[in-house]
Amino acid sequence: MPTLTVQLGTRSYSIHIGAGLLARAELLEGQLQKDAVCIITDDNVAPLYLHKLSQALAAFAPRSLVLPHGEPHKNWRTLDFIFRFLLKNSFGRDATLIALGGGVVGDLTGFAAACYQRGISHIQIPTTLLAQVDSSVGGKTAINHRHGKNMIGAFHQPLAVIADTATLTTLPPREVSAGLAEIIKCGLISDEDFFLWLETHVQELLALDPETCVHAITRACEIKVAIVSEDEREQGRRALLNLGHTFGHAIESALGYGEWLHGEAVAAGIAMAADMAVRMDWLKAAEYRRICRLLERAGLPCKPPASLTPMRILEHMRRDKKVRSGRLRLVLPKGIGQAVVSDDFDVKMLGDTLAGRPV
Ligand code: NAD
Ligand code: GLY
């Protein structure tokens, strides 16, 4: 079983990856207290995995809260629903929240833990491919706002991450593809060999071949762990993990949360960032085609939705968290396996990318 460590001094923690880990309560040895555990999940995941996890943790008498599923519920209302449950059930500062689900449950639970009684512990048990390779790791927690994606949140690291790869078998194919977008992003920003490996293994990944999945999840987590251990609060290098996200978040919030999956919006965003990089001579046209081909083979879009005008996307991009002194900063690939954050681009080029004009 691969185990990685996020090195953050006293807040360091392990990421366990493998099949059947939901039943392995010993992985949380010493991290839970009886009558002070609350499992938070959603109404798709609960019928599949809540009983199994509750049984594994029976010695701690966990209580559970089931949220409505999906991105439209990653908001203030659901967060308040969590707080009311914790308060009504007299959870104190010794409580530990366990997020069992995808990135939506993970981000909500992490943010609730960051705020409840000025901060309590939480553990991430991600059950989507996207959450296993990205959202459960690194301590970013947030809810969406009508005016912008993930705009209200906190950095709050979990005590542990347990990625049971067997849970992926019940994931709808569209969600598997969405997770692949974040894996492809990892190869693109820092590991050309991994990108090449993905090109040769994308079919096995779509088919959820167990060994191939464990390898891809482990490598994507290794890449993220190295970056987060160096730059927890995104003062520098961590911004690279946002490749495709300035475009992607704009697509998600402009469409209304939930119409496109997060991973789908990120995929279109990666292709748009690559298009910009070609215009800037940082990427060859052939490399751009390679990137789009891999995204398409993974079942992902390479263009923004036709219903959004370039102006509408730009309007939402201007609210990005990377904006400094009113200047938009973009993460752009420099070849395959390297990326940079830059505000040094011609606005006309961005307009051409958004309008889909030929390079
Ligand atoms: P999600 O949580 O909405 O899960 C996708 C769908 O799959 C949901 O309907 C869920 O109920 C269902 N599901 C979950 N596990 C399942 C399983 N094993 N079998 C069957 N169905 C299952 O979406 P997601 O793609 O996991 O996460 C996207 C969210 O993560 C976005 O809100 C995004 O902003 C956030 N995110 C956060 C970070 C971070 O660093 N915190 C990083 C990337 C993404
Ligand atoms: N998903 C981007 C980050 O964790 O920084």
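Hey, got the dipole for the range 114-212? About the Cα centre, +1 on K and R Cβ, -1 on D and E Cβ, debye to the nearest 20?
Rounded to the nearest 20 debye, it is 860 debye.
Would you pull out the residues with amide H under 5 Å of residue 64's amide H, same chain only if 5 or more places away, H placed 1.01 Å from N?
Residues meeting the criterion, in which the H sits 1.01 Å from N, are 39.
If you take all C-alpha pairs in the range 1-113, what percent of them are over 18 Å apart?
Percent of Cα pairs beyond 18 Å in the range 1-113: 53.
Taking the Cα atoms of the range 32-78, report the difference between the largest and smallest coordinate on each principal axis, in whole Å and largest first.
Between the extreme Cα coordinates on each principal axis of the range 32-78 lie 35, 22, 11 Å.
I'd like the projected area of the range 47-150, averaged over all directions, using the convex hull of its alpha carbons. Report it in nm² with one decimal.
For the range 47-150, the mean projected area of the Cα convex hull comes to 6.7 nm².
List the DSSP H helices in the chain whose Cα atoms stretch 15 Å or more along the helix axis and whose mean Kyte-Doolittle hydropathy is at least 0.0.
Long hydrophobic helices here: 76-88, 103-115, 173-190, 192-206, 210-230, 262-279.
What residue among 87, 58, 106 has its Cα farthest toward the positive end of the dipole of the range 50-149, where the charges are +1 on Lys, Arg and -1 on Asp, Glu, each on the Cβ?
Comparing the listed Cα positions along the dipole, 87 ranks first.
Whose amide H sits under 5 Å from the amide H of residue 101, counting only residues 5 or more places off or on another chain, with H placed in the peptide plane?
Placed amide hydrogens put 125, 127 under 5 Å from residue 101.
At a 1.4 Å probe, what is the % contribution of carbon and sulfur to the accessible area of the range 230-359?
49 percent
If you count the DSSP beta bridges with both ends in the range 96-191, what percent of them are antiparallel, to the nearest 5?
40 percent
Average projected area of the Cα convex hull of the range 222-267, in nm²?
Mean shadow area of the hull around the Cα atoms is 3.6 nm².
Largest first and in whole Å, what are the equivalent-ellipsoid semi-axes of the chain based on the Cα gyration tensor, each being the root of 5 times an eigenvalue?
After diagonalising the Cα gyration tensor, the semi-axes are 34, 22, 18 Å.
GNM on the chain, C-alpha springs below 10 Å: top fluctuator among 222, 199, 29?
29
Where q = 0.20, 0.29, 0.31 Å⁻¹, what log10 of I(q)/I(0) comes from the Debye formula for the range 85-140, counting one point per Cα?
-0.65, -1.10, -1.20
Over the range 2-44, what percent of the accessible surface lies on carbon and sulfur atoms, probe 1.4 Å?
45 percent
Could you give the dipole magnitude of the range 9-91 about its Cα centre, charging the beta-carbon of Lys and Arg +1 and that of Asp and Glu -1, in debye to the nearest 20?
160 debye
Would you mind checking which residues have amide H under 5 Å from residue 160's amide H? H placed 1.01 Å from N; only 5 or more apart, or other chain.
Distant-sequence amide H within range of residue 160: 124.
Of the DSSP beta bridges with both residues in the chain, give the percent that are antiparallel, rounding to the nearest 5.
Taking every DSSP beta bridge with both residues in the chain, the antiparallel ones total about 40 percent.
Pick out which of 178, 306, 166 has the largest mean-square fluctuation in a Gaussian network model of the chain, springs linking Cα atoms closer than 10 Å.
It is 306.
Over the Cα atoms of the range 104-229, Rg to Rh with Kirkwood Rh, two decimal places?
0.99
Output the Kirkwood hydrodynamic radius of the range 278-359, Cα pairs only, in Å rounded to one decimal.
14.1 Å
Would you kindly work out the equivalent ellipsoid of the range 221-341 from its C-alpha gyration tensor and give its semi-axes, the square roots of five times the eigenvalues, largest first in whole Å?
Equivalent ellipsoid of the range 221-341: 21, 19, 15 Å, largest first.
Please work out the Cα center distance from the range 213-250 to the range 269-324, rounded to the nearest Å.
First find each Cα centre; the distance between them is then 18 Å.
Averaged per residue, what accessible surface does the chain expose to a 1.4 Å probe, in Å²?
41 Å²
How do 202, 359 stack up against each other in accessible area, from largest to smallest, with a 1.4 angstrom probe?
359, 202
Most fluctuating residue of 95, 163, 25 in a GNM of the chain with Cα springs under 10 Å: which is it?
Checking each option, the largest mean-square fluctuation is seen for 25.
So what does the Cα-only Debye profile of the range 171-259 read at q = 0.14, 0.15, 0.21, 0.24 Å⁻¹, as log10 I(q)/I(0), no solvent term?
Calculated log10 I(q)/I(0) at the listed q: -0.57, -0.65, -1.09, -1.21.
The values are calculated or read from the model by the stated rules, or taken from the named source; none is laboratory data. The structure presented is a predicted model; accordingly, all values stated were derived computationally and were not measured. Note that we place each Cβ from the backbone using ideal geometry, even for glycine, and neighbour counts take in every protein chain shown. Remember, those area values only see protein heavy atoms, side chains included, never the ligands or the DNA or RNA. Shrake-Rupley method; radii C 1.70, N 1.55, O 1.52, S 1.80 Å.
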